[in-house]
Amino acid sequence: MYKIIRKQVLNPTVTLMEVEAPLIAKKAEPGQFIILRVNEDGERIPLTVADFDREKGTITIIFQIVGATTELLNHLNEGEFIHDFVGPLGVASHIEGLKKVAVVGGGVGCAIAYPIAKKLHNNGCEVHSVVGFRNKDLVILEDEFNAVSDVMRMMTDDGSHGTKGLVTDALKELIEEGNQYDEVIAIGPLIMMKFVCRLTKEYNIKTVVSMNPIMIDGTGMCGGCRLTVGGETKFACVDGPDFDGHLVDFDEAMERGTMYKEFETKKREEVCNLFKM
Amino acid sequence: MPNMSLKKNEMPVQDANVRNKNFQEVALGYTEEQALDEAERCLNCKNKPCIGGCPVAIDIPAFIAKIREKDFEGAYQVIAQSSSLPAVCGRVCPQETQCESKCVRGIKGEPVAIGRLERFVADWHNAHSTEAAAVPAKNGHKCAIIGAGPSGLTCAGDLAKMGYDVTVFEALHLAGGVLVYGIPEFRLPKSIVQHEVDNLKALGVKVETNVVIGRTIEVDELFEQGFEAIFIGSGAGLPRFMNIPGENLKGVYSANEFLTRVNLMKAYKDGSDTPIKKNTSVAVVGGGNVAMDAARCAKRLGAENVYIVYRRGEEEMPARNEEIEHAKEEGIIFKTLNNPVEILGNEHKFVTGIKCVEMELGEPDASGRRRPIEKPNSEFTLDVDCVVMSIGTSPNPLIRNTTKGLETNRHGCFIADDNGQTSREGVFAGGDAVTGAATVILAMGAGKTAAKAMDEYIKSKT
């Protein structure tokens, strides 16, 4: 059992939790993920490590309430326990030697992009952050990004905060202004990462994306998380979650992500009704 | 006078058309009368060839003699001297190629039903015994076991009985390994596995779930933590695919994923949080026990047509005869000598069919089995909405990639000698992690051998 020591509502659909998991906190690096089960009969879901504190022995997760399990998780409070919490899984992001990087985050993906931006910044790398949200109510981690970025571009779809437009608009501008990036790191919805990659391909800038497909065990056992990268089948859990974005078959990944959509929608309604009673 | 009937007492089973709609155990187990009658078939012969056929060398005639005396607890104690998981082995061991294949009664007629008797004894013990296991006196030495599957649990049990302080590390949230994620409830009820794990805990074995060795903790850190010998029983869990077009369509599963969803995550239960696709027609590709398990699960989940697609003939299938027969009785359709070449999908990328070619058998290949050769112009399509790939697994690379000095072969299996000793001092390995995918009992045998070697190793150092 893993104790929730801090819970913070970041926006109406996104929650942060700091969880006691000393063994994982000792090892975790940006880019890695954990798998949790909320309760005894719960499903296993992967969540990326948003932050870690080796001394306190805690792992921070940030999740969007999208399905039954995240709904249940969101109903837990400080002092309560998550049944299972395992990790750190996956390969940590490779950021050694990078001097100038554009970090692109979309929506809750910013929760994963932030620790990477922070580590880059701490390593002395010049960080240009481009973060995008649907509207101002959904913005998360703005101050945190500001603190670790040399250049910061806030974008919203409706212009209610920052500049109106897509992250690709801002990234294109930065590139056109003459910024030479060693690498672009893009983390967010698949469709966003697909279009970021399409853009950076034109400029021939290496782009790394973080994939978050459906998974069960997270150790290479089930193969449910497989993706096509450069024509080869890869397992996101052990080969990733970071991949060369120019090689990822995003269309296939988007299709695979919808496999249980109907089940999920129904299940979440059931869970919501449970809490309404 | 021994019972000279040429036939075994038949195993009572659930009717095929009832059981293919539920997940309750298929084989119901002998009654006391049947067990006594079957025990009378053992001639208690001098040579005891059956013992040589058992990977953990259970004194089979001795436990059967105890059954004849109606001393069922005594029979259990005989088995327990050699096996830590009798209720499991009585169910899933391939006795027909092991102990029973050596039984002299098998020369003329059927051998003694050793497996069924073992199961009877273990179930009797679990139902009647109230005595708590005596906790052995501790010898002050610590051993770590990686993986709570058949080899790891066996190794842990034996070491605990010798007085070692044993900790088992398990990556999943539940101990049991393939016994809980792979073998379905109807073949091995999970309560039995839990009971065996509880027995080990009663012996003082600590089980740490949610710890991935190679990620959460590395092998070298275990030594730093004071573990003097380490056993790796991490199994062969990495699924293989065929690399044919369409394998990433929605509705294509590895057998591991399909079975894990159904068994470990209990997707077969109404109200489970873990989804599984509801299908009308399922093709399971492969001919092993795992393929049979997947096919029979698919049938129970409500699929109308379930096919086993296998590129060789039924003779060449690696699955146990009993599993093949049970599958057939339950209505699984066997498409042998057929090889998939492509999986077809609709515009939403859901599976709609599997394109196969017919095969014929040529000369024997390296495995000794006749090599399947494609028949020209024999392509055809089976309409299915789900495909389960059950063509084997390889060992997980996590430990070998994070541990220095551990040698592996070209298949990624750890190299270990007959005692389980790896290329690294103090590190032992066994089960599928060494042999590649094999059986529960062979893994248990390896765990047992390694426990003995670990004991000798630690003693030699102190």
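Residue separation of B:LYS452 and B:ASN22 scaled by 0.36 nm, minus their Cα-Cα distance, works out to 150.6 nm of gained length. Placing pseudo-labels 7 Å out from each Cα toward the beta carbon at A:ASP41 and B:ASN321 gives an inter-label distance of 4.1 nm. Debye calculation, C-alpha points only, no solvent: report log10 I(q)/I(0) for the stretch A:148-277 at q = 0.18, 0.19 Å⁻¹, in the same order as the q values. For the requested q values the scattering log ratios are -1.04, -1.08. Placing dummy labels 7 Å off each Cα toward the beta-carbon, the span from A:ASN204 to A:THR233 is 3.5 nm. Computed on the stretch B:97-210, with alpha-carbon pairs under 8 angstrom and 6+ residues apart, the relative contact order is 25 percent. Accessible surface buried by the A/B pair amounts to about 3500 Å², both sides summed, 1.4 Å probe. Per residue, chain A reaches -9000 deg cm²/dmol at 222 nm when only DSSP H runs of four or more residues are counted, each adding -39500 (n - 2.57). Per the Cα gyration tensor, the stretch A:112-224 maps to an equivalent ellipsoid with semi-axes of 23, 18, 16 Å, ordered largest to smallest. Buried on complex formation within the stretch B:227-262 (loss of at least 40 square angstrom of accessible surface versus the isolated chain, 1.4 Å probe, ligands and nucleic acids ignored): B:PHE241, B:ASN248, B:LYS250, B:GLU257, B:ARG261. Expressed as a whole percent, the accessible area of the stretch B:255-386 that falls on carbon and sulfur atoms is 43 (1.4 Å probe). Amide H to amide H, with H built 1.01 Å from N, A:VAL19 comes under 5 Å of A:ILE5, A:ILE59, A:THR60, A:ILE61, counting only residues 5 or more places away or on other chains.
Across the alpha-carbon set of the stretch B:389-452, the Rg to Rh ratio works out to 0.97, Rh being the Kirkwood radius.
Distant-in-sequence amide contacts of B:ILE217, defined by a placed amide H-H separation under 5 Å and a gap of 5 or more residues or a different chain, comprise B:VAL212.
Residue-wise HN-Hα couplings along the stretch B:313-322, as the Karplus relation 6.51 cos²θ - 1.76 cosθ + 1.60 with θ = phi - 60° gives them from phi, are x, 4, 3, 7, 4, x, 5, 5, 3, 4 Hz; Gly and Pro carry x. Tell me the carbon and sulfur percent of the accessible area for the stretch B:106-150, rounded to whole percent, probe radius 1.4 Å. Its accessible area is 57 percent carbon and sulfur atoms.
Computed per residue of chain B from DSSP H runs no shorter than four, each worth -39500 (n - 2.57), the mean residue ellipticity at 222 nm is -9000 deg cm²/dmol.
Calculate how large, on average over all directions, the projected area of the Cα convex hull of the protein assembly as shown is; give the answer in nm² to one decimal.
35.2
Between A:GLU269 and B:GLU374, what is the FRET efficiency for a Förster distance of 51 Å, r being their Cβ-Cβ separation, to the nearest 0.05? In this case the efficiency is close to 0.55. Each residue of the stretch B:212-219 was assigned a 3J(HN,Hα) from its phi angle through the Karplus curve 6.51 cos²θ - 1.76 cosθ + 1.60 (θ = phi - 60°); the sequence is 9, 6, x, 10, 5, 9, 9, 3 Hz, with glycine and proline shown as x.
Based on the convex hull around the alpha carbon atoms, chain A presents an average projected area of 14.4 nm².
Overall, the anisotropy analysis places the stretch B:120-188 in the oblate class: the square-rooted eigenvalues a ≥ b ≥ c of its C-alpha gyration tensor yield a/c not less than 1.5, with a/b not exceeding b/c. The modelled label-to-label distance for the pair B:SER423/B:ILE244, using points 7 Å beyond Cα in the direction of Cβ, is 3.6 nm.
Across the stretch B:5-16, computed HN-Hα scalar couplings (Karplus, 6.51 cos²θ - 1.76 cosθ + 1.60, θ = phi - 60°) run 4, 6, 9, 5, 5, 5, 7, x, 10, 5, 4, 4 Hz from first to last residue, x flagging Gly and Pro. Ligands, DNA and RNA aside, B:PHE380 has an accessible area near 60 Å² when probed at 1.4 Å. Its Kirkwood hydrodynamic radius, worked out from the mean inverse distance over all distinct Cα pairs, puts the stretch B:330-462 at 18.8 Å. For B:ARG371, the residues whose amide H sits under 5 Å from its own are B:GLY362, B:GLU363, B:ASP365, ignoring neighbours fewer than 5 places away on the same chain, with H placed 1.01 Å from N. Measuring nothing but protein heavy atoms, the accessible surface of the stretch A:20-160 at 1.4 Å probe radius is 46 percent carbon and sulfur. Relative to its Kirkwood radius, the Cα radius of gyration of the stretch A:177-222 gives an Rg/Rh of 1.13.
The values are calculated or read from the model by the stated rules, or taken from the named source; none is laboratory data. Bear in mind the structure is a predicted one, so any value in this text is a computation, not a measurement. Heads up, the Cβs are rebuilt from the backbone with ideal geometry, glycines too, and the neighbour counts pull from every protein chain shown. Heavy atoms of the whole protein, side chains included, go into the accessibility calculation; ligands, DNA and RNA do not. Shrake-Rupley method; radii C 1.70, N 1.55, O 1.52, S 1.80 Å.
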